[in-house]
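Below is one structure, written out as structure tokens; comments come after it.
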Amino acid sequence: MSQLEPLEPVLVLSPHLDDAVLSCGHFLYAHPSTIVVTVLAGAPDALHEGYNSETTSKPYAPDAIGVRRDEDRRAMDFLSATPVWMDLLDADYGAYRPPTDYGDVIQGEIGRILNETRPMSVFAPLGLINADHLAVSEACLALAVNSPFAWYLYMDLPYGLARRRKVPRRVAAISQRVQLEELDRYDGEPSVKQRAMGLYESQYAPTRRNFTKGFDATMSGGERYWRVGALR
């Protein structure tokens, strides 16, 4: 297998406010000045009883997302990355999404941000388990067609280590559409990801509780990436 050596500048697309650190923290630490775009980082103007409010103890949705953005800013500062937050809504706020195909909205907004930033390399989630991750992944795969950028997929963590059988199935499904080249595992000093993830104070305990073995393996293990090739 080949090493992960993307052309810079690099842009990493993160479905939620912590996914880039969980899945790409070692890479981000080794590549300062990477732009990290969190796609689903918006909130409706409403009181909401859901995941974000429960984990942050903020019933007003914008306040809940404000807490999560502050955590993300601290983690990005630690990794010397540049955060960009899009105002799209995650599944927690699904009732407030427009009655249209939200996948099209996600694809359009990602395309817009890519045209504005013009990176050389773009990293997107493989798309495991979580519906938001899959939606972002599918939007990116559609955008990769005839794209001027080099595209890479990263294994969604901790999902990929908590549900290992999902990974080859998703890789096989994507490989029906584009060529995928798996790259060497990307390792780093475990304490770096532990420190970075620890800055997401509202998310650390719930994420670990939901995927204990996968989370602990994420903190101590390496990262997996694939280079996206030509359409089949």
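Starting from the range 153-171, take each residue that is closer than 13 Å to Glu182 by Cα and list its partners that are crowded, with 22+ Cβ neighbours inside 10 Å and among the charged types (D, E, K, R), counting only C-beta distances under 6 angstrom and pairs at least six apart or across chains.
Filtered contacts from the range 153-171: Met155/Arg224.
Working only within the range 184-200, note down all residues that are among the hydroxyl-bearing types (Ser, Thr, Tyr) and touching a Gly at 6+ places or on another chain (Cβ under 7 Å).
Across the range 184-200, the qualifying residue is only Tyr186.
Looking only at the range 204-216, decide whether some residue is surrounded by 14 or more Cβ atoms within 10 Å (Cβ to Cβ), of a type outside the set (D, E, K, R) and under 30 Å from Arg118 (Cβ atoms).
Checked the range 204-216: no residue is surrounded by 14 or more Cβ atoms within 10 Å (Cβ to Cβ), of a type outside the set (D, E, K, R) and under 30 Å from Arg118 (Cβ atoms).
So, in the range 103-150, exactly how many residues are of a type in the set (Val, Ile, Thr), touching a helix residue (DSSP H, G or I) at 6+ places or on another chain (Cβ under 9 Å) and in contact (Cβ under 8 Å) with a residue 40 or more places away in the chain?
Residues that pass the stated criteria total 4.
Taking the condition of being of a type in the set (A, V, I, L, M, F, W, C), more than 15 Å from the chain's Cα centre (by Cα) and either under 14 Å from Val84 (Cα atoms) or not in a loop (DSSP other than H, G, I, E, B) (or both), how many residues in the range 114-143 meet it? Before the answer, list the steps.
In the first step, residues of the range 114-143 are kept if they are of a type in the set (A, V, I, L, M, F, W, C); the result is 114, 120, 122-124, 126, 128-129, 131, 134-136, 139-143.
If we keep only those that are more than 15 Å from the chain's Cα centre (by Cα) as well, we get 114, 120, 142-143.
Within this subset, residues satisfying the condition of being either under 14 Å from Val84 (Cα atoms) or not in a loop (DSSP other than H, G, I, E, B) (or both) are 114, 142-143.
Of the residues in that region, 3 qualify.
Name the one entry in Ala172, Ala150 that is small (Gly, Ala, Ser), loosely packed, with under 15 Cβ neighbours inside 10 Å and out of contact with any Cys (no Cβ under 9 Å at 6 or more places or on another chain).
The conditions single out Ala172.
Answer with yes or no whether Gly103 is exposed (fewer than 15 other Cβ atoms within 10 Å of the Cβ) and under 27 Å from Leu161 (Cβ atoms).
Yes: the conditions hold for Gly103.
State whether one or more residues within the range 79-89 are assigned to a strand (DSSP E or B), exposed (fewer than 14 other Cβ atoms within 10 Å of the Cβ) and at pLDDT 95 or above.
Within the range 79-89, one or more residues are assigned to a strand (DSSP E or B), exposed (fewer than 14 other Cβ atoms within 10 Å of the Cβ) and at pLDDT 95 or above.
Considering only residues that are in a strand (DSSP E or B) and among the aromatic types (Phe, Trp, Tyr), look in the range 144-186 and name the one that is nearest to Phe211 (Cα to Cα).
The selected residue is Tyr154.
Of the residues Lys166, Lys213, which is basic (Lys, Arg) and modelled with pLDDT under 95?
Among Lys166, Lys213, only Lys213 is basic (Lys, Arg) and modelled with pLDDT under 95.
Which ones in the range 1-30 are surrounded by fewer than 22 Cβ atoms within 10 Å (Cβ to Cβ) and either among the aromatic types (Phe, Trp, Tyr) or free of Cβ contacts under 8 Å to residues at least 24 places away in the same chain (or both)?
The answer is Glu5, Tyr29.
List the residue pairs whose Cβ atoms are under 7 Å apart, where the first residue sits in the range 191-212 and is in contact (Cβ under 8 Å) with a residue 24 or more places away in the chain, the second is of a type in the set (D, E, K, R) and outside any helix (DSSP H, G or I), and the two are 6 or more positions apart or on different chains.
Going by the 7 Å Cβ cut-off, the qualifying pairs are Tyr200/Asp18; Gln203/Asp18.
The values are calculated or read from the model by the stated rules, or taken from the named source; none is laboratory data. Keep in mind that what you see is a predicted model, and the values were worked out from it rather than measured. Positions of Cβ are backbone-derived with ideal geometry, glycine not excepted, and every protein chain shown enters the neighbour counts.
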